[in-house]
Amino acid sequence: MVILMVGVLAITSSTLGIDALRRRSHESANANLALRRVAETLHAHAALARSQSDGDAANTFSEAFLSLAESDFGAGFDVPGMTPLPGQETVGSVELITSEAQTDATLGVLMGMPRDLNGDGDASDLDVREDARLIPAVIRLAWRGPNGDMTSAQPVWVQGD
């Protein structure tokens with residue numbers, strides 16, 4: 001009887017461990033899909049912004065892109081099946097970087113910042129909202145799941161004109 005109980009406990013323990021790994025894998029896959037979806041939306045906004053700003057000095061690529069991206073993601077975004085952390089309204093957020101002075105350390109991701117975003121030969125402009133040719137963004141997710149509090153961040157580069 002003791003041998004049988006030890007065997008049942010071992011199988012139960014293994015089953016619980018496998019279930020926890022499956023849940024963690026499902027959460028990671030869901031987070032990666034959400035990051036990819038938002039990155040693809042940002043690139044689609046960039047393509048639309050490039051087409052809207054061709055040769056138009058009054059409406060630059062960066063102004064059009066930032067307007068589109070902020071209207072979609074300015075207040076954050078939810079991910080189906082994920083619960084925001086306590087005190088947070090949404091699971092995801094998008095940080096659009098418009099200051100060349102930002103560093104990788106302040107952003108919390110490796111992007112190669114600071115960098116010349118508007119092509120003027122220096123990387124010291126504090127606001128390139130009107131004339132950026134390259135716009136970095138950081139997509140962040142923070143959620144509470146069965147395995148505890150989780151976070152994920154993805155850097156994205158958006159090419160302008």
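The values are calculated or read from the model by the stated rules, or taken from the named source; none is laboratory data. All figures in this text were calculated on a predicted structure; none of them were measured in a lab. Backbone-built Cβ (ideal geometry, glycine too); neighbour counts: all protein chains shown.
Here are some notes:
- Looking only at region 67-79, and only at residues there that are part of a loop (DSSP other than H, G, I, E, B) and of a type outside the set (V, I, T), the one that is surrounded by the fewest Cβ atoms within 10 Å (Cβ to Cβ): A75
- Count of region 102-127 residues, restricted to those that are surrounded by fewer than 13 Cβ atoms within 10 Å (Cβ to Cβ), modelled with pLDDT of 85 or more and under 25 Å from A64 (Cβ atoms), is 3.
- First in region 78-107 and more than 22 Å from H43 (Cα to Cα), second anywhere and part of a strand (DSSP E or B) and small (G, A, S), Cβ under 8 Å, 6 or more apart: M82/G145; T83/G145; P84/A142; L85/A142; Q88/A142
- Taken together, the residues in region 100-118 that are hydroxyl-bearing (S, T, Y) and not in a loop (DSSP other than H, G, I, E, B) amount to 1.
- Condition broken by I135, with the remaining ones in (1) assigned to a loop (DSSP other than H, G, I, E, B); (2) closer than 19 Å to F61 by Cα; (3) touching a residue at least 40 places away in the same chain (Cβ under 8 Å); (4) under 22 Å from the mean Cα position of the chain (by Cα) satisfied: (1)
- Residue within region 28-46 that is in contact with a helix residue (DSSP H, G or I) (Cβ under 8 Å, 6 or more places away or on another chain) and at positive phi present: no
- Subset of region 80-99 that is aliphatic (A, V, I, L, M) and assigned to a strand (DSSP E or B) - its residue that is farthest from the chain's Cα centre (by Cα): L96
- Test for E95: is it at pLDDT below 90, within 23 Å of L48 (Cα to Cα) and of a type outside the set (V, I, T): no
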